[in-house]
Amino acid sequence: MPTVRLLTYNIRSLRDDRAAVARVIRAAEPHVVCIQEAPRFLRWRSTCAALARRCGLVIVGGGRPAGANLLMSTLSVDSLRVEDVLFSRIRRLERRGAALAELSYAGSRFVIAGTHLDLEQPARLRHVDDLHRAVGGFAGDLPSIVAGDINDEPASQVWARLSGARPDVFAAVGTGEGHTYSARNPVRRIDGVFADRRIAAVSATVIDSPDTRVASDHRPVLVELEV
């Protein structure tokens, strides 16, 4: 079975060291990247395109219409369908969403959903339900993967709802504690990847390097999945 290297990374709208962000992503050698807090304001399209070029990747979909969730990939991955999703609106809170894509790698098809949940728990719980409906409707019978900044930890209700539908990859095969926040002093595991039971988890690691400590306020998670 082909093995996909998937990276999920909150880049804080490139407000820190842009060059370091690109170096972190390139060094990980991912096939697919799920970005949270992608640039979404002035000239966001060209800024996202420039990021993809610096990473040696192409944009698959997402961006501002998907709540600043961006999907990128190598040219070895074929993009078959994409959809931008906005979750139900909650007054006074930032609009959240997900970027969805049906991808094909080495003849295997699967669906990826990149998302970034809210800082407030009631909103996170509501949006997990929105996310499950969106992914289920988009994926149909295809195996699916959810990746992103959950803004919650493994003992939470939100994490339980996510991992109940798709097992937590790091919990299954991860090395170390898996803490992703903050980048300089990581004490919380709030970023994760959740993969369909038909997908075999091979490895999972949180990337630490001098670049990750200056590129953003999160550390990225890199997983290998047999699709």
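The values are calculated or read from the model by the stated rules, or taken from the named source; none is laboratory data. What you see is a predicted model; the values in this text were computed from it and never measured. Note that we place each Cβ from the backbone using ideal geometry, even for glycine, and neighbour counts take in every protein chain shown.
Here are the numbers:
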{"read-out": "Selection status of Val111, crowded, with 22+ Cβ neighbours inside 10 Å, touching a residue at least 12 places away in the same chain (Cβ under 8 Å) and either in contact with a helix residue (DSSP H, G or I) (Cβ under 6 Å, 6 or more places away or on another chain) or of a type in the set (Ser, Thr, Tyr) (or both)", "value": "yes"}
{"read-out": "Which numbered condition Ala160 misses (of (1) over 17 Å from the mean Cα position of the chain (by Cα); (2) buried (at least 20 other Cβ atoms within 10 Å of the Cβ))", "value": "(2)"}
{"read-out": "Arg126, sole failed condition from (1) within 17 Å of the chain's Cα centre (by Cα); (2) part of a helix (DSSP H, G or I)", "value": "(1)"}
{"read-out": "Which numbered condition Gly176 misses (of (1) at pLDDT below 95; (2) in a helix (DSSP H, G or I))", "value": "(2)"}
{"read-out": "Hits in the stretch 167-220 (condition: among the polar types (S, T, N, Q) and under 18 Å from Gly148 (Cα atoms))", "value": "Thr180, Ser182, Ser203, Thr205, Thr212, Ser216"}
{"read-out": "Qualifying residue in the stretch 31-38 (condition: surrounded by fewer than 18 Cβ atoms within 10 Å (Cβ to Cβ) and either of a type in the set (D, E, K, R) or outside any loop (DSSP other than H, G, I, E, B) (or both))", "value": "no"}
{"read-out": "Scope the stretch 153-173; condition touching a Ser or Thr at 6+ places or on another chain (Cβ under 8 Å) and outside any loop (DSSP other than H, G, I, E, B); matching residues", "value": "Ala171, Val173"}
{"read-out": "Filtered residue count, the stretch 1-27, keeping only those that are touching a Phe, Trp or Tyr at 6+ places or on another chain (Cβ under 9 Å) and either among the acidic types (Asp, Glu) or in a helix (DSSP H, G or I) (or both)", "value": "4"}
{"read-out": "Number of the exception - Asn151 against (1) in contact (Cβ under 8 Å) with a residue 40 or more places away in the chain; (2) within 15 Å of the chain's Cα centre (by Cα); (3) closer than 20 Å to Ala68 by Cβ", "value": "(1)"}
{"read-out": "Filter pass, Glu120 being without any contact (Cβ under 8 Å) to a residue 40 or more places away in the chain, within 17 Å of the chain's Cα centre (by Cα) and surrounded by fewer than 20 Cβ atoms within 10 Å (Cβ to Cβ)", "value": "no"}
{"read-out": "Criterion (within 23 Å of Val135 (Cα to Cα) and either surrounded by fewer than 22 Cβ atoms within 10 Å (Cβ to Cβ) or touching a residue at least 60 places away in the same chain (Cβ under 8 Å) (or both)) met by exactly one of Val187, Val221", "value": "Val221"}
{"read-out": "Every pair of residues 6+ apart whose Cβ atoms lie under 8 Å, when the first sits in the stretch 44-66 and is within 21 Å of Leu80 (Cα to Cα) and free of Cβ contacts under 8 Å to residues at least 60 places away in the same chain while the second is exposed (fewer than 15 other Cβ atoms within 10 Å of the Cβ) and among the charged types (D, E, K, R)", "value": "Gly56/Arg26; Gly63/Arg45"}
{"read-out": "Boolean, Asn185 is at pLDDT 95 or above, in contact with a Lys or Arg (Cβ under 7 Å, 6 or more places away or on another chain) and assigned to a loop (DSSP other than H, G, I, E, B)", "value": "no"}
{"read-out": "Subset tally (residues that are of a type in the set (Gly, Ala, Ser) and within 24 Å of Ala204 (Cβ to Cβ)) for the stretch 29-51", "value": "1"}
